[in-house]
Each structure stands twice: as C-alpha cells, then as structure tokens.
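> What follows is a structure written as structure tokens; I'll ask about it next.
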Amino acid sequence: MPPYPAPEWAVTQWFNSAPLSPDSLRGRIIVLGAFQMLCPGCVAHGLPQLQRVEQTFSREEVAVVGLHTVFEHHAAMTPVALEAFLHEYRIGFPVGVDTHTDPAGPPVTMQRYKLRGTPSLILIDRLGQVRHDAFGQEPDLALGARIAMLLAEGSGAEVAVSDQQEQPNCTIEGGCN
C-alpha cells in the first residue's frame, strides 16, 4: 500500500484526553484502533492488543488512539455506555467517538479511512502518512514488527530483512565463527 496523508478525525467527544488529531500527534507513530464496544472481536482481540501496544512502547514515540466507530446498535452504544465500558475494561488511552452525519450510514472517520468494519487498525508514521491498515485480528508479532520498522525510520537506524542467512564458517578443530 503506498503511503497517503492521514485524513482528519471527525470526533464528537473524547475520553481520557483533550481533543487530538493526526497533526497534533505529528512526530510520533500513531496506532489508531477502530472498535465498537459490542463487537466480540474488538473486546477479545482489538482492544487488548491496543492496551499491549501502549504498555510496550514509549508514549513519547507511539501514540495509541481508539476510535469508537458505531455503525450498528446505535441506541445501545451511546457515549454514556462507552464511558462505563472504558472504565470497566480499564482502557486509559485516548478514545474518540466517531461522528455520524447520517444515522443510516457509516460514521465520518470510518468513511474517510475506508474502513470495512471493526476491529480495524491503522498505522500512521511520524510524518502523518497512513502506512498500514488492517481489518480483523492482526498478530501481535506482525504489528510489533511494523511499529518497530516505523520507529527505526525516524531514528536513522536501518532495519534490514534478509531472505538469506549467512552460513557459519565451521571446522572440526576450531568450531564455528
């Protein structure tokens, strides 16, 4: 996927934070997780993964942001219910409530990012470019590697991935070097 500028977030309310935007977080890697509190995949996989990312990486380097993007069961998933949900699940990272302009259609930010459903995960680099998006469950190891590569880009460190391993030079007398 070629990088593209991260669209603005259309959020009606923020929890655990003052209002945020991709521009306000420029200079950090953004891990944006779109979820619904009544989505089984979000509760079992997506949100716990975001919590693990927040606990693993420095907050100065990686910003974890949740986007509650409701496209079904609107009456049950109100901001009041979301506030209780966030408290019960001990979610401390910033969470924005995606804006609806048409209750019959998908929320605004969900449309801007062309999300297919929840859970969805978007990685935005230090320059505000979307570098990865995924729908459904993403393995922790793959996500961690993607974040590490984006972090390495900003630090000047090179991350090399090789298909070939160097073979050790071994002798009977001297072992391997």
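> Do any residues in the stretch 57-73 that are more than 14 Å from Leu20 (Cβ to Cβ) have Cβ atoms under 7 Å from those of residues that are assigned to a loop (DSSP other than H, G, I, E, B) and among the hydroxyl-bearing types (Ser, Thr, Tyr), where the two are at least six apart or on different chains, and which pairs are they?
Going by the 7 Å Cβ cut-off, the qualifying pairs are Thr69/Thr118.
> A further question on this structure: In the stretch 119-143, what count of residues is obtained for those that are charged (D, E, K, R) and within 23 Å of Gln36 (Cβ to Cβ)?
First, pick out the residues of the stretch 119-143 that are charged (D, E, K, R): 125-126, 131, 133, 138, 140.
Now drop any that are not within 23 Å of Gln36 (Cβ to Cβ), which leaves 133, 138, 140.
Counting residues in the stretch 119-143 that are charged (D, E, K, R) and within 23 Å of Gln36 (Cβ to Cβ) gives 3.
> Please determine, by comparing only the residues of the stretch 10-52 that are within 17 Å of Gly136 (Cβ to Cβ) and free of Cβ contacts under 8 Å to residues at least 40 places away in the same chain, which one is surrounded by the fewest Cβ atoms within 10 Å (Cβ to Cβ).
Pro40
> Something else about it: How about the stretch 27-44: which of its residues are in a loop (DSSP other than H, G, I, E, B) and within 15 Å of the chain's Cα centre (by Cα)? Let's see the steps before the verdict.
Here is the first cut: in the stretch 27-44, the ones in a loop (DSSP other than H, G, I, E, B) are 27-28, 36-39.
Scanning the stretch 27-44 gives Arg28, Gln36.
Here, each number is a calculation from the coordinates, and none is a lab measurement. Please read all numbers here as calculations on a predicted model, not as lab measurements. No Cβ is skipped: glycine too gets one built from the backbone with ideal geometry, and neighbour counts run over all protein chains shown.
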